[in-house]
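Asker: Got a structure here, written out as structure tokens. Questions coming.
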Amino acid sequence: IPLPKWVTGEIEKDPDLAYTDQWGRRNYEYLSLGCDTLPVLKGRTPVQCYADFMRAFRDNFKHLLGDTIVEIQVGMGPAGELRYPSYPEANGTWKFPGIGAFQCYDKYMLSSLKAAAEAAGKPEWGSTGPTDAGHYNNWPEDTPFFKKEGGGWNTPYGEFFLTWYSQMLLEHGARILSSATSIFDGAGVKISVKVAGIHWHYGTRSHAPELTAGYYNTRFRDGYLPIAQMLARHGAIFNFTCIEMRDHEQPQDALCAPEKLVKQVALATGAAQVPLAGENALPRYDEYAHEQILRASSLNVDGSAVDREMCAFTYLRMNPSLFHPDNWRRFVAFVKKMNEGKGARRCWEEVEREAEQFVHVTQPFIQEAAVALMH
């Protein structure tokens with residue numbers, strides 16, 4: 001959902017309201033978090049405007065909250081995710097598996113960086129972000145900042161910058177959540193926040209794509225625990241993606257490791273005692289992906305028989321392919337297995353036989369839905 005026209009009109013008057021990279025490219029997906037608390041929108045702050053929207057949502061859907069609407073996922077950034085727009089696909093700027101680029105070059109972010117550098121007694125660190133961090137489609141080893149040996153990410157300057165950059169994102173999340181939890185308090189809904197599953201180059205030391213997105217996660221530092229702790233403080237659900245992926249299905253030269261990433265997030269949410277929900281990143285209709293989702297959602301990550309599993313799962317996505325008879329049959333069986341939870345030990349064949357009757361009953365509706373979606 002794009003920003004409202006009256007907001008993009010304000011960006012045209014003050015382009016620094018948009019996230020900006022070091023080459024001056026602006027991003028219109030989401031307002032820069034650098035201006036969260038400044039009255040830049042006709043005398044009001046972006047957070048105040050968002051709070052007004054949430055109040056209007058609550059008041060308009062009051063009769064559905066707690067019954068039909070049981071969870072509200074609060075948008076925190078591009079694609080609704082708590083992150084910087086570091087890998088924009090529009091106009092071919094970024095292509096998988098590029099490392100992305102830092103988004104801290106609007107005047108509001110630079111003003112905060114300058115103040116942080118002065119407070120740290122290093123004013124020379126405050127005029128710009130890293131200038132040796134490569135371009136959107138570089139790989140970590142192509143850049144002085146992200147390379148494993150002697151990379152800038154692992155220096156006092158790198159530590160200062162990445163701490164500031166990730167802390168700004170955490171504070172943004174906390175500000176939005178404070179508004180959301182007070183507005184929906186007593187409404188009978190859970191609040192959740194989506195965190196991106198950035199699994200490419202996960203096997204490197206610097207984890208460059210996670211760093212540019214604002215997740216200060218490296219070989220030597222857990223970047224997901226602080227996020228989980230912030231969500232726990234506000235009673236929110238940690239919603240994570242790429243649950244259906246297996247490491248071996250991804251490009252090995254890019255050291256993709258979605259399974260290891262999901263495990264790290266599961267451990268972080270367990271330590272912070274925050275509920276974990278999941279979704280698949282790509283549309284998948286096969287049993288192999290369904291099995292991976294079931295395995296991941298059981299949260300048996302460290303071999304211990306903990307009484308914990310994902311609190312919810314969002315299946316992407318509803319389209320004509322899902323309603324293909326074979327895909328629908330598999331999907332019905334998958335939903336039954338998910339509903340039974342981790343304690344169930346029944347085989348797929350048995351569940352699919354049970355699902356067959358439901359598939360038969362729903363067939364006319366499914367054909368209607370498939371036709372409707374195609375139009």
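Asker: Report the one residue of Leu231, Ala51, Ser166 whose Cα lies farthest in the direction of the positive end of the charge dipole of the chain (charges on C-beta: Lys and Arg +1, Asp and Glu -1; origin at the Cα centre).
Answerer: Result: Ala51, furthest along the dipole toward the positive end.
Asker: Given springs between every Cα pair under 10 Å in a Gaussian network model of the chain, which of Met318, Met310, Met168 has the largest fluctuation?
Answerer: Met318
Asker: Determine the calculated [θ] at 222 nm for the chain from helices alone, applying -39500 (n - 2.57) to every DSSP H run no shorter than 4 residues and normalising by the residue count; nearest 500 deg cm²/dmol. Could you put the intermediate results ahead of the total?
Answerer: Working: 10 runs with 150 residues, N = 375.
So the calculated ellipticity at 222 nm is -13000 deg cm²/dmol.
Asker: Under 18 Å from the 7 Å Cα→Cβ point of Tyr288, by amide nitrogen: which residues of segment 230-255?
Answerer: Residues 242-253 qualify, since their backbone N sits under 18 Å from the label point.
Asker: Given the options Arg44, Arg330, Arg83, which has the most mean-square fluctuation in a GNM of the chain, springs set between C-alpha atoms less than 10 angstrom apart?
Answerer: Arg44
Asker: Oh, and also: Amide H to amide H, which residues 5 or more places from Ala196 or on other chains are under 5 Å from it, using H placed in the peptide plane?
Answerer: When sequence neighbours closer than 5 places are left aside, the close amide H contacts are Leu82.
Asker: Using Cα pairs closer than 8 Å and at least 6 residues apart in sequence, work out the relative contact order for the chain, in percent. Before the final figure, lay out the partial values.
Answerer: Values: 588 pairs, mean separation 47.6, N = 375.
Computed value for the chain: 13 percent relative contact order.
Asker: Return one whole number: the accessible area per residue of the chain in Å², for a 1.4 Å probe. Present the calculation step by step, with values, prior to reporting the outcome.
Answerer: On the way: 17680 Å² over 375 residues.
For the chain, the per-residue accessible area is 47 Å².
Asker: Describe numerically, in nm with one decimal, the distance between label points set 7 Å from Cα along Cα→Cβ at Gln229 and at Ala372.
Answerer: Each label point is offset 7 Å from its Cα along the Cβ direction, giving 4.7 nm.
Asker: Show the residues, 5+ positions off or on another chain, whose built amide H is closer than 5 Å to the amide H of Ala18.
Answerer: Excluding prolines and chain starts, which carry no amide H, the hits are Ser32.
Asker: I'd like to know which of Phe331, Leu267, Asn319 lies farthest towards the positive end of the charge dipole of segment 236-348, counting +1 on Cβ of Lys and Arg and -1 on Cβ of Asp and Glu.
Answerer: Phe331
Asker: Taking the Cα centre of segment 5-317 as origin, work out the dipole magnitude from +1 charges on Lys and Arg Cβ and -1 charges on Asp and Glu Cβ, in debye rounded to 20.
Answerer: Details: 30 positive and 37 negative charges, 114 e Å.
So the magnitude is around 540 debye.
Asker: How big is the chain in terms of Cα radius of gyration and Dmax, in angstroms?
Answerer: Cα only, the chain: 22.0, 70 Å (Rg, Dmax).
Asker: Let me ask another. Of Asn138, Asn91, Asn339, which has the largest mean-square fluctuation in a 10 Å C-alpha GNM of the chain?
Answerer: Residue with maximal mean-square fluctuation among Asn138, Asn91, Asn339: Asn91.
Asker: Just reorder Asp14, Asp142 by solvent-accessible area, largest first, 1.4 Å probe, all chains present.
Answerer: Details: Asp14 35, Asp142 100 Å².
Largest accessible area first, the list is Asp142, Asp14.
Asker: Can I ask one more? Using a 1.4 angstrom probe and counting only protein chains, how large is the accessible area of Phe53 in Å², to 10?
Answerer: Surface open to solvent at Phe53 totals about 130 Å².
Asker: By how many nm would the segment from Asn300 to Glu249 lengthen if fully extended, with 0.36 nm per residue of separation less the alpha-carbon distance?
Answerer: Values: separation 51, 0.36 × 51 = 18.36 nm, distance 2.11 nm.
My answer for the length gained is 16.3 nm.
Asker: What net charge do the residues around Ala213 carry, taking every other residue with its C-beta under 14 Å from that of Ala213, with Lys and Arg at +1 and Asp and Glu at -1?
Answerer: Working: positive: Arg83, Lys194; negative: Asp21, Glu29, Glu81, Glu89, Glu210.
Charge balance in the 14 Å sphere: -3.
Asker: Strictly over 22 Å apart at the Cα level, which of Lys148/Lys260; Lys13/Lys194; Lys194/Lys336; Lys5/Lys194 would you flag in this model? Each step should come with its number before you reach the end.
Answerer: On the way: Lys148/Lys260 19 Å; Lys13/Lys194 31 Å; Lys194/Lys336 25 Å; Lys5/Lys194 25 Å.
Long pairs (Cα-Cα over 22 Å): Lys13/Lys194; Lys194/Lys336; Lys5/Lys194.
Asker: Kindly work out what percent of the DSSP beta bridges joining two residues of the chain are antiparallel, to the nearest 5. Mind showing how you got there, number by number?
Answerer: Working: 5 of 20 bridges.
Of the beta bridges lying entirely in the chain, close to 25 percent run antiparallel.
Asker: Pop out the ³J(HN,Hα) list for segment 2-17 in order, Karplus 6.51 cos²θ - 1.76 cosθ + 1.60 with θ = phi - 60°, rounded to Hz; leave Gly and Pro as x.
Answerer: Per-residue couplings from phi come out as x, 4, x, 4, 5, 6, 5, x, 5, 5, 4, 6, 9, x, 6, 6 Hz.
The values are calculated or read from the model by the stated rules, or taken from the named source; none is laboratory data. Nothing here was measured: the structure is a model prediction, and the numbers come from that model. Note that each Cβ is placed from the backbone with ideal geometry, even for glycine, and that neighbours are counted across all protein chains shown. For accessibility, only protein heavy atoms count, side chains too; no ligands or nucleic acids. Shrake-Rupley method; radii C 1.70, N 1.55, O 1.52, S 1.80 Å.
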